[in-house]
Every structure is written in C-alpha cells, then in structure tokens.
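Each remark here refers to the structure printed beneath this line.
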Amino acid sequence: MILIAILVGTITAGIGSVWLAALLSFGALARYTQHMLSLAAGALLGTAFMHLLPEAFESGVSPDSLFATLLVGLVFFFLLDKAELWHHGHEHHEAHRHEQHAHDLDGHHGHSHSQHQPSGGWAVLAGDSVHAFGDGILIASAFIADMRLGLVAALAVLIHEVPHHMGDLIVLGRQSGNNRRIAIVKVSLAGAVTALGGVIGYALVDQLIGFLPFFLILAASSFIYVALADLIPQLQKRASLPETAAQIAWLGIGIGLVMAVSRLVHGH
C-alpha cells in the first residue's frame, strides 16, 4: 500500500510539475523569449541558492565535503557541456559551412547570432535527474514516516518544481530549435526519475538518507552552471536601459517565485 502511494506521489510530483510548467511557459508567456531567459536564470539560481544548498548545509554534513562536491559538480557539468558542444559542432560543421557559404554568396555577413550555440541541455537533464532522484527519496521517506506527511511532501515537490521546470523547458526548447514537444518529453523523462528514487528510497531508505545532501548539492551545481554559463551570457548583449531594467526585473521574478513557493511549502 505504501509503495503504491509512493509511486502515485512521485509520478504526480515528478511529471505533473513538468506539464504544469509547460502550460505556463508555453502559454501566455511564450511571446516574451528574452524575458523568459531572465526568468529561467532567476528560477534556476533561486532553486540552487535558496532551496537546495541551504537544505544540504542544514543536514550536518561537513561544509568541506559539500563545497568539494559543489566544485566537482560545476567542473563535471562544464566538461559535459564541452562534450555536448564538441559533438554538436562536429555533427553540424559541414551543414554550417555550406550555410555560411550560401550566406556569403548572398552578401550577408552578420553571423553573430550563431556564435553562441545554445548549450546546457545535458547539464539541465543530468541535474534534473539527480534532483528528481533526491526528491523521490524524500517523498518515499515521508510516506514511510506517515501517509499524510507523504502527501504533503509530494504536493510540496510538485509546487516547488514548477518555477524551475519553466526554466528547464525554456533552455531545452531553445536548444532543440524551439521544438516544445521534444523539450516537454525530455524534462518529463527526467521528472519520471522521481518514481525511480521513490522505489529505491522505499527499498533502501536508511542507507540512502545519508547521501541526500550530496544529491542536493549536485543538482544545485548543474542549475548554477546552466544559469551562469548559458543563460546569463545570452543577456549580456548591449541593451537599452529599459531592456536592462526588464531583464533584471524578470531575473528577480524568477528568484522571487522560487522563494515564495519555498516559504509557502515550508511554512516559514
């Protein structure tokens, strides 16, 4: 009975939050792409700094180990991104060369838009999967402790994940040439790892609880990396004062959304 409740709770939280985020980010907000990049960066940074890192550091694990994990995570996601960009560049080198040649023949020389290839896809999915696995263990341990506590935990994860999944969908949507369906499927699959975490958490709850702070730190490192290495450079272009103010405002909204949801969920 508990295992069924864990499965229902983790699938609802893991995949339901993605679909809710898709409704929001691909609905009324879809027209404001630049603003959405700022919102995504704010949501990812807010999730890392206001939720994941504090929770990991409250666990009592030595800060040295946690900071070392954060550093390893950042370097790992940098290398992952490098491998992805190398593969992407290698695969599309010929196509780009022909396309550029055709553009030059037409007399077009402005290729500034292709200098920064949207990256961060693997880092987002890897971070999401680690985060979802940790969420699954959290939900499982809450259900094992008390059925009502499990329901609250599943609902908390569902609400909590929406702002940051909006960020993920925007990153992946941009990366797959604005193919929203592919972005939703990829993030949903990463969200489904919550159920895997739930089942493994149910079986090995005592052994895995000790590793939760490290899952939280690894997930945080991926979100920090994507926000700082991929999203914020997109916003660094020369912009007018009103555009810059709008970017900062949307960045603040992204952080504020995560903080508001965090307060709502934790009741403080």
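The values are calculated or read from the model by the stated rules, or taken from the named source; none is laboratory data. What you are looking at is a predicted structure, and each value in this text was computed from that prediction instead of being measured. For neighbour counting, all protein chains shown are included, and Cβ atoms are generated from backbone atoms with ideal geometry for every residue, glycine included.
Listed by first and then second residue, the pairs with beta-carbon distance under 7 Å, at least 6 apart or on different chains, first residue in region 214-238 and within 17 Å of residue 52 (Cα to Cα), second crowded, with 24+ Cβ neighbours inside 10 Å and among the polar types (S, T, N, Q), are 223/47.
Among the residues of region 11-36, those identified as modelled with pLDDT of 80 or more, of a type outside the set (Phe, Trp, Tyr) and under 17 Å from the mean Cα position of the chain (by Cα) are 13, 14, 15, 16, 17, 18, 20, 21, 22, 23.
Name the single residue, out of those in region 212-232 being at pLDDT 85 or above and among the β-branched types (Val, Ile, Thr), that is surrounded by the most Cβ atoms within 10 Å (Cβ to Cβ). Only one residue fits best here, namely 217. If the condition is being touching a residue at least 24 places away in the same chain (Cβ under 8 Å), of a type in the set (Gly, Ala, Ser) and farther than 17 Å from residue 227 by Cβ, then region 33-64 contributes 56, 59.
Of the residues examined, residue 157 is not one that is part of a helix (DSSP H, G or I) and under 13 Å from the mean Cα position of the chain (by Cα).
If the condition is being farther than 14 Å from residue 220 by Cβ, among the hydrophobic types (A, V, I, L, M, F, W, C) and under 14 Å from the mean Cα position of the chain (by Cα), then region 37-84 contributes 37, 39, 40, 41.
Can you give me the number of residues within region 235-250 that are in a helix (DSSP H, G or I) and either in contact with a His (Cβ under 6 Å, 6 or more places away or on another chain) or crowded, with 17+ Cβ neighbours inside 10 Å (or both)?
Restricting attention to region 235-250, the residues satisfying the condition of being in a helix (DSSP H, G or I) are 241-250.
Going one step further and asking which of them are either in contact with a His (Cβ under 6 Å, 6 or more places away or on another chain) or crowded, with 17+ Cβ neighbours inside 10 Å (or both), we end up with 247, 250.
Total satisfying the criteria: 2.
Do we find a residue being under 25 Å from residue 7 (Cα atoms) and among the hydroxyl-bearing types (Ser, Thr, Tyr) anywhere in region 215-231? No, region 215-231 has no match at all.
Within region 124-152, the set of residues being over 12 Å from residue 194 (Cα atoms) and crowded, with 24+ Cβ neighbours inside 10 Å comprises 124, 127, 143, 150.
Residue-by-condition table, conditions (1) without any contact (Cβ under 8 Å) to a residue 24 or more places away in the chain; (2) assigned to a helix (DSSP H, G or I); (3) polar (S, T, N, Q); (4) surrounded by fewer than 24 Cβ atoms within 10 Å (Cβ to Cβ):
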site	(1), (2), (3), (4)
163	no, yes, no, no
172	no, yes, no, no
185	yes, yes, no, yes
188	no, yes, yes, yes
192	no, yes, no, yes
199	no, yes, no, yes
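Being assigned to a helix (DSSP H, G or I), charged (D, E, K, R) and at pLDDT below 80 is the filter here, so list the residues in region 116-148 that pass it. Give the derivation first.
Within region 116-148, the first condition is being assigned to a helix (DSSP H, G or I), and the residues that meet it are 121-145, 147-148.
Checking which are charged (D, E, K, R) leaves us with 128, 135, 148.
Within region 116-148, 148 is the sole residue that qualifies.
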